[in-house]
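Written out below as structure tokens is the structure these notes cover.
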Amino acid sequence: MPHAQRIAEIRRQVSETFARMEIREPDQFRESILIRNGSYCGRRFEAEGAHAIWFLEEDEVKFYRAFPNLAHVQLPLPQWTRMAA
């Protein structure tokens, strides 16, 4: 799956999980690219009352409520397979 399609799938997962977490307007979130040591490493999705972080290397999304407790971890979908470098 190309990276652009994977990001679209992650956005959908974030919106659906925010809805299950009862976040108001779960599809209205801010998105930031994460850079570590000069390299792309993931994305952060922030909504009122929660945020999610997708880590490229681990290919998992971690969800947090407004207070700093981990709320949920979304593992990769079965159809997603990492492309060889």
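The values are calculated or read from the model by the stated rules, or taken from the named source; none is laboratory data. Small disclaimer: the values here were computed from a predicted structure and weren't measured. Cβ coordinates were reconstructed from backbone atoms using ideal geometry, including for glycine residues, and neighbour counts include every protein chain displayed.
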Legend entry - Selection from the range 26-80 of residues that are loosely packed, with under 10 Cβ neighbours inside 10 Å, modelled with pLDDT under 65 and out of contact with any strand residue (DSSP E or B) (no Cβ under 8 Å at 6 or more places or on another chain): Pro68, Asn69, Pro78, Gln79
Legend entry - Pair list, Cβ < 6 Å and 6+ apart or interchain, from the range 38-64 residues that are over 16 Å from Pro2 (Cα atoms) to residues that are surrounded by fewer than 21 Cβ atoms within 10 Å (Cβ to Cβ) and polar (S, T, N, Q): Arg44/Ser32; Val61/Gln74; Phe63/Thr17
Inset, instruction - State which residue is modelled with the lowest pLDDT when the search covers only the range 1-18 and only residues that are of a type in the set (Gly, Ala, Ser) and surrounded by fewer than 18 Cβ atoms within 10 Å (Cβ to Cβ). - result: Ala4
